[in-house]
Amino acid sequence: MPNLAVLASGSGSNFEALARALEPTEHECVLLVCDRAGAGAFERAALLGVPARHVSYTGRPRAEAEAEIEALLSEAGSDLVALAGFLRLLSPDFVRRRAGRILNVHPALLPAYPGLDALRRAWDAGEEVFGATIHLVDEGMDTGPVLRQGNLKRRPGESFEDLEARVHALEHELYRRTVLELLDGIAREGSPGGRR
């Protein structure tokens, strides 16, 4: 069955939500790759039994780091790649090689507030409606085709931290549903090579 790999940079809460969502299915999360050696996602991967690797971008060309990531993805037999707080912009070449098979989650209703600190920027702008977007990754920053969005309204007197927690919960739900649907779709259409 088609399998998932996750690229992350931080605590890994979206990674964990995805990995746990696959547990009762025939799909598997076969790899976590982090670009930060101390990322909290490594601890989650250890608890979940998901193989995890650190790929450093420091002091080397992006193409070299991406070649290492690509080799790990191929070796693991991943059919779909989910970015979960991965704070690197993937090169056009990397994206083209896995066109339509790389997803990202973003804490805003794209096309509004692309890039970093989206939720904080929306809060500071006085927005009343917030949300999350799951989209395919293309060569731009948060510009790929939108697959799913969900929104929620700011509650009277709500703190930024409480809103942030609700947006994260929404992200987890939308991402789980989208990843499962895509993996099931890949299974139906027949997966290309690279199976383990």
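Every number in this text was worked out from the coordinates using simple rules, so none of it is lab data. Please read all numbers here as calculations on a predicted model, not as lab measurements. A quick note on method: Cβ atoms are made from the backbone with ideal geometry, for glycine too, and the neighbour counts reach across all protein chains shown.
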Worksheet entry | Antiparallel bridge percentage (DSSP; both residues within the chain; nearest 5) | 40 percent
Item to complete: List, in order, the whole-Hz ³J(HN,Hα) value for each residue of region 115-132 obtained from phi through the Karplus relation with A = 6.51, B = -1.76, C = 1.60 and θ = phi - 60°; use x for Gly and Pro.
Response: x, 6, 6, 4, 5, 4, 5, 5, 4, 5, 7, x, 4, 9, 10, 10, x, 9
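Could you grab the relative contact order for region 4-189? Cα pairs under 8 Å, six or more apart, rounded to a whole percent.
On the way: 319 pairs, mean separation 37.2, N = 186.
Computed value for region 4-189: 20 percent relative contact order.
Could you calculate the FRET efficiency of R188 with A165 from 1/(1 + (r/R0)^6), where r is the beta carbon distance between them and R0 is 35 Å, rounded to 0.05? Mind dumping the intermediate values first?
Values: r = 35 Å, r/R0 = 1.01.
The value I calculate is 0.50.
Which value does Rg/Rh take for the chain over its C-alpha atoms, Rh per Kirkwood? Mind dumping the intermediate values first?
Working: Rg = 16.4 Å, Rh = 17.1 Å.
Answer for the chain: 0.96.
Among the GluC sites (Glu not before Pro) within region 1-70, which fall in a DSSP loop and have no more than 12 other Cβ atoms within 10 Å of their own Cβ?
Listed in order of number, the matching sites are E26.
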Worksheet item: How much length, in nm to one decimal, is gained on full extension between S11 and S91, taken as 0.36 nm per residue of separation minus their Cα-Cα distance?
Response: 26.4 nm
Worksheet item: Given 0.36 nm per residue, what is the gain on full extension from T25 to E181 after removing their alpha carbon distance, in nm?
Response: 55.0 nm
Discussion item. As I understand it, the dipole of the chain uses +1 on the Cβ of Lys and Arg and -1 on the Cβ of Asp and Glu, about the Cα centre. Which of L180, G59, A122 lies farthest toward its positive end?
Written reply: L180
Worksheet entry | Angle between the chain longest axis and helix 13-22 axis [Cα atoms, degrees, rounded to 10] | 60 degrees
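Can you work out the FRET efficiency for the pair V129 and A99, with r the C-beta to C-beta distance and R0 = 35 Å, to the nearest 0.05?
It comes out at approximately 0.65.
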Item to complete: Kindly provide the helix-only [θ] at 222 nm of the chain, computed as the sum of -39,500 (n - 2.57) over DSSP H runs of four or more divided by all residues, to the nearest 500 deg cm²/dmol?
Response: -12000 deg cm²/dmol
